[in-house]
Every structure is written in structure tokens, then in C-alpha cells.
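The values are calculated or read from the model by the stated rules, or taken from the named source; none is laboratory data. All values reported here derive from a predicted model rather than from experimental measurement. Glycine gets a Cβ as well: all are built from the backbone with ideal geometry, and neighbour counts include every protein chain shown. Note: accessible area is taken over every heavy atom of the protein model, side chains too, but ligands, DNA and RNA are not part of it. Shrake-Rupley method; radii C 1.70, N 1.55, O 1.52, S 1.80 Å.
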Amino acid sequence: QVQLVESGGGLVQPGGSLRLSCVASGSMFRINVMGWYRQAPGKQRELVATITSGGIENYADSVKGRFTISRDNAKNTMSLQMNSLKPEDTAIYYCNADLSFHSNWGARRGDFWGQGTQVTVSS
């Protein structure tokens, strides 16, 4: 089994900062692309940022210059540093990983999600 666990969400004032973390554990043997997605009330889940195993980053236009994604391949962790937060950044943030893992039927590749962490930006 593979599990992704996020942490670091909370309540912050506009202009403030938060750092989200995601840890992957289980029977994976390679993590390809990792990413952060978010879903605000009444809206569809959207991409925030992704990062490849080689460190290539991609950001949604709405967060460019404010958010920074990073990962530690040795520790199977990923982080999202969020600065200059705005009320419109309020959402549940989800960790996502495209990874290869061992199963009872041999090696498999799949897409996994964490349970989400709430980020609220409000004065």
C-alpha cells in the first residue's frame, strides 16, 4: 500500500506565509511527478504546482512568484512554500504523486492522493 500524508495547513492573514509538507510511504520504488492541487468550495480541483523527479517545476499562473514547490527524493517528501497569501488561495490542498510500486501482482504504476489539508486566508 502507498500513503500520502499532508501537513502544515491552517489559518493565516492575507500577506502571510504557510508551508505545506507531504510524505509518501509504502511499497513504492520510484516517484515520478509530484504535485499540489487545491479545491475551493463550489469549485473544481485545480493544479497549483508540480515537480518532476529531476526537479523541473511547473506552476499555475495564479501562484507564480508567490509559491515554491520542492522535493527531497531521498526522503520521499515534497513541500510547498506559500508566501503573500491571498483570500482566494483559501482551499483544501491535496498532495498528488505519480509513482511506481510493488503489488501482489507485480510492479504497478499509479496516481495517488493525500487526504488534503485546509488552508484558510482571512483577516
Which log10 I(q)/I(0) values does the chain give at q = 0.16 Å⁻¹ under the Debye formula, counting every alpha carbon as one identical point scatterer?
-0.72
Full-extension gain in nm, S21 to N104, via 0.36 nm per residue minus C-alpha separation:
26.9 nm
Given a 1.4 angstrom probe, what's the average accessible area per residue across the chain, in square angstrom?
54
Please work out the FRET efficiency for the pair S122 and D72, using the Cβ-Cβ distance as r and a Förster radius of 25 Å; give the result to the nearest 0.05.
0.20
Sort the following peptides by mean Cβ neighbour count (other Cβ atoms within 10 Å, averaged over residues), highest first: 16-26, 91-101, 51-61, 108-118.
91-101, 16-26, 108-118, 51-61
Total charge dipole magnitude, region 4-87, about the Cα centre, Cβ charges on Lys, Arg, Asp, Glu only, Debye to nearest 20
80
Stretched out fully, how many nm does the piece from Q3 to K86 gain, at 0.36 nm a residue minus the Cα gap?
26.9 nm
State the percentage of accessible surface on the chain attributable to carbon and sulfur atoms; use a 1.4 Å probe and exclude ligands, DNA and RNA.
48
In whole Hz, the Karplus estimates of ³J(HN,Hα) for region 100-108 (6.51, -1.76, 1.60; θ = phi - 60°; x where Gly or Pro) are 9, 8, 8, 10, 5, 10, x, 6, 9
Once the dipole of the chain is set up with Lys and Arg at +1 and Asp and Glu at -1 on Cβ about the Cα centre, which of G16, Q3, A91 lies farthest towards its positive end?
Q3
Over its Cα atoms, what ratio of radius of gyration to 2.2 N^0.38 Å does region 6-53 give?
1.42
Straight distance only, please: which aspartates and glutamates reach the Cα of K86 with their own Cα at less than 16 Å, same-chain residues fewer than 8 apart left out?
D61
